Amino acid sequence: MMPVLFTVGDFPVRTYLVLALLAIIVVVVLARYYEAPRLEAAGILPPALARYGGEALFLAVICTVIGARLAFVAVNWELYSDDPGRILAFWRGGFAFHGAVILAVPAAVLHARLRRIPLGKLMDLFIPYITVGYGIGRLGCFFNGCCYGHVTGVPWGLVYPAIDGSARHPTQLYSFLAIMVIAAILLRVSRSSFAAGTTGGATLAWFLILIGGYRFVVEFFRVSEVYDFYLTLAQLVSLVMITGGALLLLLWNKQFGGDTDV
């Protein structure tokens, strides 16, 4: 693993921080300066979203970072109880994506109401690219040496020197590959929704289902504390995400007849 990318004098520049910043840049460039202008040129981007899209994306990024950090700290409070100041040392890693969803989605709903942005279209525009950013963040976990898997005998098992000398499932790489596939699916859903002229929203439903499903599965290979029903906390939250996404999709299909395909 490579937790430190390089040093500037005595200051270590951590790989996790660089990839986190790269993820934000990629999300902004692709969503705000590629996808939005493309949709606007086609005449299918709502005016309010064109006007306030940058503001909405900035809010989404901030809430994603804060929500993911607070969720990780809450679940792992024993790591910070003696020195709460470490909570601000986000460049060392320590984010829980479920926390990002819990904070970012309500914030997006509130912002959309205040700015009169069609909420479904807002989700359709940004969610595929936010998913790409999430995948890049998982690469940060890989180089940081955290979020590793159980000991395994599979040929592609990797040794995490900071942990022990055993080969383990590279669960961060499993996550990255799964998330990139999911992002491609979500982009197709998003573009189909815009082209169909619906109020949007199917992208959020599929996001909750697919991300929840991937995370539920990968947790079986990842070292995590087991809670109730022999499942990890992430799996329990993932089940809630899948259920919520399925209900949203049912409502969406009932309203529009399922015209947007995956």
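Side notes on the structure shown:
- All positions within region 20-34 that are of a type in the set (Ser, Thr, Tyr) and within 15 Å of Gly93 (Cα to Cα): none
- Residue within region 123-133 that is over 23 Å from Gly67 (Cβ atoms), among the hydrophobic types (A, V, I, L, M, F, W, C) and at pLDDT 95 or above present: no
- Qualifying residues in region 76-107 (those that are farther than 20 Å from Leu17 by Cα, among the hydrophobic types (A, V, I, L, M, F, W, C) and modelled with pLDDT of 85 or more) - the one farthest from the chain's Cα centre (by Cα): Trp77
- Of residues in region 129-146 being crowded, with 21+ Cβ neighbours inside 10 Å and among the aromatic types (Phe, Trp, Tyr), the one farthest from Ile24 (Cα to Cα): Phe142
- Residue in region 186-197 that is farthest from Ala42 (Cα to Cα), counting only those that are surrounded by 20 or more Cβ atoms within 10 Å (Cβ to Cβ) and touching a Ser or Thr at 6+ places or on another chain (Cβ under 9 Å): Leu186
- Residues of region 75-104 satisfying the condition of being small (Gly, Ala, Ser), more than 19 Å from Ser238 (Cα to Cα) and either out of contact with any helix residue (DSSP H, G or I) (no Cβ under 9 Å at 6 or more places or on another chain) or part of a helix (DSSP H, G or I) (or both): Ser81, Gly85, Ala89
- Against the test of being surrounded by fewer than 20 Cβ atoms within 10 Å (Cβ to Cβ), farther than 23 Å from Leu208 by Cβ, over 15 Å from the mean Cα position of the chain (by Cα) and not hydrophobic (A, V, I, L, M, F, W, C), the options Gly157, Gly149 yield a single qualifying residue, Gly157.
- When Ala162 is tested against (1) buried (at least 18 other Cβ atoms within 10 Å of the Cβ); (2) assigned to a loop (DSSP other than H, G, I, E, B), just one condition goes unmet, and that condition is (1).
- Which numbered condition Gly67 misses (of (1) in contact (Cβ under 8 Å) with a residue 60 or more places away in the chain; (2) within 24 Å of Val26 (Cβ to Cβ); (3) not aromatic (Phe, Trp, Tyr)): (1)
- Single match in Glu219, Glu225 (criterion: of a type in the set (Asp, Glu) and free of Cβ contacts under 8 Å to residues at least 12 places away in the same chain): Glu225
- Candidates in region 200-243 are the residues that are β-branched (Val, Ile, Thr), touching a helix residue (DSSP H, G or I) at 6+ places or on another chain (Cβ under 6 Å) and at pLDDT 95 or above; of these, the one that is surrounded by the fewest Cβ atoms within 10 Å (Cβ to Cβ) is Ile242.
- Qualifying residue in region 19-37 (condition: more than 26 Å from Ala196 (Cβ to Cβ), in contact with a His (Cβ under 6 Å, 6 or more places away or on another chain) and surrounded by fewer than 18 Cβ atoms within 10 Å (Cβ to Cβ)): no
The values are calculated or read from the model by the stated rules, or taken from the named source; none is laboratory data. Since the structure is predicted, the reported quantities are computational estimates derived from the model, not experimental observations. All Cβ positions, glycine included, derive from the backbone under ideal geometry; neighbour counts span all protein chains shown.
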